[in-house]
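Coordinate-derived values only; no laboratory data. It should be emphasised that the depicted structure is a prediction, and the values quoted were computed from it without experimental measurement. With ideal geometry, Cβ positions are generated from the backbone for all residues, glycine too; neighbour counts draw on all protein chains shown.
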Amino acid sequence: MTYRYGIARTESEKREAVSLIRKIFNHVGYLNGDQNDFEKYLLLDTSRIFSAFVNEKLFGTISVVPDLNQDLPMDILYGQELQPFRQQGKRLAEATQFAVDHGKVKEEDPTFNSLKQLSVNLPLFKLILDFAAFAKIDCICITVNPKHSKFYETIGFVQIGGLKYYALVNNAPALAYILDLAQFRNSKLPGMLKLLSEQPDLSLFT
């Protein structure tokens, strides 16, 4: 059983990740048809798409979008909440479009279960944090469905915006969070989450 995590570098690899996002988001009812207005951000030269494979079959993806022009996907709902950080000169980036096909993992890995779910997903988040270190990002921001908020709070994300609804994704509920990376690097994470604070391999991004 082989798991592999890395950067989608070619156009084909990026399109494969986008197709997975469409598949998963359609399955959970986030999309109307196969269009995703957030995709334009993923395909920017400055964005990075990270992919997860089991036995060389894509099963997961997450992306990071640096805030170079004060234009992040979550600005559509939480632009006002992000402004104070921009005014402080913080370099922001958004983690977005997290999608995992757990059915695909189960097909390839007979040992996969709910307890193993965290261990196969964490390396994707590790890549986000490592890229942030490479790109000298100060804060990672994200919008999450409220039912997943506990995980992000455990890592150290702080809520900066109240409950809102994304019209673009069938009025899915969202909360806005931000992670100060300087504080995160000085934190002590419990158990398996310690993986996230391990020394980054910045050679992956050169």
Please indicate, with yes or no, whether at least one residue in region 141-160 is in contact with a helix residue (DSSP H, G or I) (Cβ under 9 Å, 6 or more places away or on another chain), small (Gly, Ala, Ser) and in contact (Cβ under 8 Å) with a residue 40 or more places away in the chain. no
Could you check how many residues of region 185-206 are in contact with a Leu (Cβ under 8 Å, 6 or more places away or on another chain) and in a helix (DSSP H, G or I)? 6
Filter region 93-125 for residues that are of a type in the set (A, V, I, L, M) and not in a helix (DSSP H, G or I); which is farthest from Val18 (Cα to Cα)? Ala93
In the set Ile140, Ile128, the lone residue that is under 18 Å from Leu189 (Cα atoms) and not in a helix (DSSP H, G or I) is Ile140
Here are some residues: Leu68, Leu77. Which one is over 16 Å from the mean Cα position of the chain (by Cα) and not in a helix (DSSP H, G or I)? Leu68
Being under 29 Å from Ser12 (Cα atoms), free of Cβ contacts under 8 Å to residues at least 12 places away in the same chain and either hydrophobic (A, V, I, L, M, F, W, C) or surrounded by fewer than 16 Cβ atoms within 10 Å (Cβ to Cβ) (or both), is that true of even one residue in region 56-66? no
Checked region 166-184 for anything assigned to a strand (DSSP E or B) and either in contact (Cβ under 8 Å) with a residue 40 or more places away in the chain or hydrophobic (A, V, I, L, M, F, W, C) (or both); matches are Tyr166, Ala172, Ala174, Leu175, Ala176, Ile178, Leu179, Asp180
